[in-house]
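Trainee: Below is the structure I would like to discuss, written out as structure tokens.
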Number of protein chains: 2
Amino acid sequence: MASNSNPKDRILQTASKLFYAQGYNATGINQILEEANVAKASLYTHYGSKDDLGIAYVKAAREDWFNALNSFLEKNSTSMEKLLRCFDFLERNMRLNDYKGCRFINLLAEVSTQNAEMRKEIVDHKSTLRAFFQNLVSDIIEDDKAKANQISDSILLLFEGAIVQSKIHLDVWPVKTAKKTATTLLNTKT
Amino acid sequence: MASNSNPKDRILQTASKLFYAQGYNATGINQILEEANVAKASLYTHYGSKDDLGIAYVKAAREDWFNALNSFLEKNSTSMEKLLRCFDFLERNMRLNDYKGCRFINLLAEVSTQNAEMRKEIVDHKSTLRAFFQNLVSDIIEDDKAKANQISDSILLLFEGAIVQSKIHLDVWPVKTAKKTATTLLNTKT
DNA sequence: AAATAAATAGACCGATTTGTCTATTTCAAA
DNA sequence: TTTGAAATAGACAAATCGGTCTATTTATTT
């Protein structure tokens, strides 16, 4: 782990790496401390417990994710271009992360019944993503609101399905397939 | 847990319930033994270790899942009807399981890097599902093979995306949305 | 330079983890 | 009814878990 920055940040960075790579329950705090080169007391002064660290992790990951997406999208592009470029972003991420999939989906599988606050952050994040797609699609399909929502939610489902299937098959074909059908749906004129 | 059947089956049944409800890593063998009313030695004679029990769990779940699906589909129905009814099956399952989502996706999130054999079973299961959709769609779209595959894979992605989003929002609207768009895709004539 | 805060190493705690082993009991087949 | 397998309860082990605490050292600030 990078030895720059302060202990507090180093803990979060290392936790982020390990929670993603090994899972939340499978990652012990001792491993985090070792790899972050940080004393145990530092974890408990900056974060109160492992669960609180987990919550801080999700919150930071939420911000990081949308920051990365927005900086990947080109400012002066149409809503249609942005929508399709979301799938390019996804493809790049899947490769970059060695097909570990979505941090939030992975975490939800572990803590859905275990930790209500982590669950809430995850749900809020995905609700934000849903609204993000809805906004872009509403720019393209302006006349029929019901149709716009049907298409934007379908794009969301294709997006999420592509994440899961990409993780399963260790390949980007699901992302390419999703992008292609998303294009088809968006070009279906009323 | 049902006290019928033999210890071996009771272990698997209880493990299946707990792994699904709490996750694999969050479930200790002691809890399984208590709820199954079974001695510890019985677990280690019938299954060799917790991981081996986990593998047995996935294998049994694979068989159960497709058995449930096939018995839900009506024998004398068209491929189109069967395809759409898959989403009714999904909706029923999501409700029935209190939106715990997909056993295989949930498990993959935990053991993807941890246990290669469990991963393989999960991947094989999803590959079977993919082929299942491909077969049905190929009955409907016979002329254009590339188009048939594009549509069947898109249905797979909608299906998987609906599972994930349904678990997130504790609602069946993603399944309904997926079914509707799947219908649209299947009705797009060449 | 003195005072204060931040970070350190690491012992320690009780609980829990998977897994082994012994000794006893239940049960079914010969 | 005897024999042998199957199942039982539970002690035990070694490791790890999250978390607390003490004592010391490093930085920062005044």
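Trainee: Do you know which of the residues in the range B:1-44 that are of a type in the set (S, T, Y) and under 25 Å from the mean Cα position of the chain (by Cα) is farthest from A:A109 (Cα to Cα)?
Mentor: Per the criteria, the residue is B:S5.
Trainee: Just name the residue that is farthest from DNA strand C (Cβ to nearest atom) out of those in the range A:2-55 that are open to solvent by 30 Å² or more (accessible area, probe 1.4 Å) and on the phi > 0 side of the Ramachandran plot.
Mentor: The qualifying residue farthest from DNA strand C (Cβ to nearest atom) is A:S5.
Trainee: Can I ask one more? Is it fair to say A:D51 is among the charged types (D, E, K, R) and more than 14 Å from every other protein chain (Cβ to nearest Cβ)?
Mentor: So A:D51 fails the test.
Trainee: May I pose another question? Only residues that are closer than 20 Å to A:L53 by Cα and either charged (D, E, K, R) or in contact (Cβ under 8 Å) with a residue 40 or more places away in the chain (or both): list them for the range A:119-134, please.
Mentor: Correct list: A:R119, A:K120, A:E121, A:I122, A:D124, A:H125.
The values are calculated or read from the model by the stated rules, or taken from the named source; none is laboratory data. Treat the numbers as computed from the prediction; the structure is a model and nothing was measured. Every residue, glycine among them, receives a Cβ derived from its backbone with ideal geometry; neighbour counts consider all protein chains shown. Just the protein is used for accessible areas: all its heavy atoms, side chains included, with ligands, DNA and RNA removed. Shrake-Rupley method; radii C 1.70, N 1.55, O 1.52, S 1.80 Å.
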